[in-house]
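The values are calculated or read from the model by the stated rules, or taken from the named source; none is laboratory data. Being a predicted model, the structure only gives us computed values, none of them experimental. Methodologically, a virtual Cβ is constructed for each residue, glycine included, from the backbone with ideal geometry; neighbour enumeration extends over all protein chains shown.
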Amino acid sequence: MRPSGRALDQMREISIETDFTRHAEGSCLIKCGETHVLCTASLEERVPPFLKNTGLGWVTAEYGMLPRATNTRMRREAKNGQSGRTQEIQRLIGRALRAGVDRVALGERQITIDCDVIQADGGTRCASITGGWIALRLAVNKLMKAGDIITDPLVDPIAAVSCGVYAGQPVLDLDYPEDSEAGVDGNFVLTGSGRLVEVQMSAEGATFSMDEMNELLGLAQKGVGELVAAQKAAVS
């Protein structure tokens, strides 16, 4: 039995509110159960120096958690510097989102996705990727509406979900009580068409077999399918 009472292959409730902030070119508040993340997309008509005069666009990401996103207050990273965990997560978000972008079609401009965790209950990086794509989609829609780009640079939705082995059973979409006790923990990033972008898996308490990994991948494909459907509904 899962602590939440969910079935082994059941996602947490997904809620997405688009245009959550006034000024960003694209924004949403995504809620995956009790994990809530504000995602915004900011457009700049320039690229990093290493891409200047290449004709290629760039999508990057920044990630952070508010001090009381968790049970106890964390110190602000703006005061103490970014942790290794934060740097690893924001690089993952950027890599994941770029996998669904035709950077030639985007042109020499940069879109920065900011993911700010308001409340954390497991799966914050996955919620950030899923919500980040929505913010990116909305920003690109504005570019296309204005005629600044002709061809849609977003070739496929990108979404992510966690899966793991909890109490000896493979489960989909871990919340914090499961994540903190999981014997195997994995994050799966997939495209809307079901292709793999990135898989992060580790044995937290016990090693795992190829069969178990494939079972978790099957759960992830189911979960990402539901997330992509929610993404499309939110931006339609």
Which residue is farthest from Pro177 (Cα to Cα), if the candidates are limited to region 8-54 and must be more than 18 Å from the chain's Cα centre (by Cα) and among the basic types (Lys, Arg)? Lys52
Among the hydroxyl-bearing types (Ser, Thr, Tyr) and either on the phi > 0 side of the Ramachandran plot or in contact with a Leu (Cβ under 9 Å, 6 or more places away or on another chain) (or both) - does that describe any residue in region 85-96? no
Could you say which residue among Leu106, Leu92 is in contact with a strand residue (DSSP E or B) (Cβ under 8 Å, 6 or more places away or on another chain), aliphatic (A, V, I, L, M) and either at pLDDT below 95 or under 20 Å from Thr54 (Cα atoms) (or both)? Leu106
Could you identify the single residue in Thr60, Thr35 that is without any contact (Cβ under 8 Å) to a residue 60 or more places away in the chain and in contact with a strand residue (DSSP E or B) (Cβ under 8 Å, 6 or more places away or on another chain)? Thr60
Those residues of region 103-118 that are outside any helix (DSSP H, G or I) and among the aliphatic types (A, V, I, L, M) come to a total of 4
Just give me the residues in region 119-130 being touching a Ser or Thr at 6+ places or on another chain (Cβ under 9 Å) and part of a helix (DSSP H, G or I), in sequence order. Thr124, Arg125, Cys126, Ala127
Any idea how many residues of region 131-158 are assigned to a loop (DSSP other than H, G, I, E, B) and among the small types (Gly, Ala, Ser)? 2
Test: residue in region 16-27 that is within 20 Å of Asp102 (Cα to Cα) and touching a helix residue (DSSP H, G or I) at 6+ places or on another chain (Cβ under 6 Å): yes
Segments classed as strands (runs of 3 or more DSSP E), wholly inside region 159-230, with at least 3 members that are surrounded by fewer than 17 Cβ atoms within 10 Å (Cβ to Cβ), without any contact (Cβ under 8 Å) to a residue 24 or more places away in the chain and not polar (S, T, N, Q): 196-203
Given the condition of a type in the set (Asp, Glu) and either within 18 Å of Thr18 (Cβ to Cβ) or under 21 Å from the mean Cα position of the chain (by Cα) (or both), answer yes or no: does some residue in region 190-205 qualify? yes
Being of a type in the set (S, T, N, Q) and under 20 Å from Thr35 (Cα atoms) narrows Gln119, Gln82 down to just Gln119
In region 189-204, anything closer than 16 Å to Glu178 by Cβ and of a type in the set (A, V, I, L, M, F, W, C) is listed as Met201, Ala203
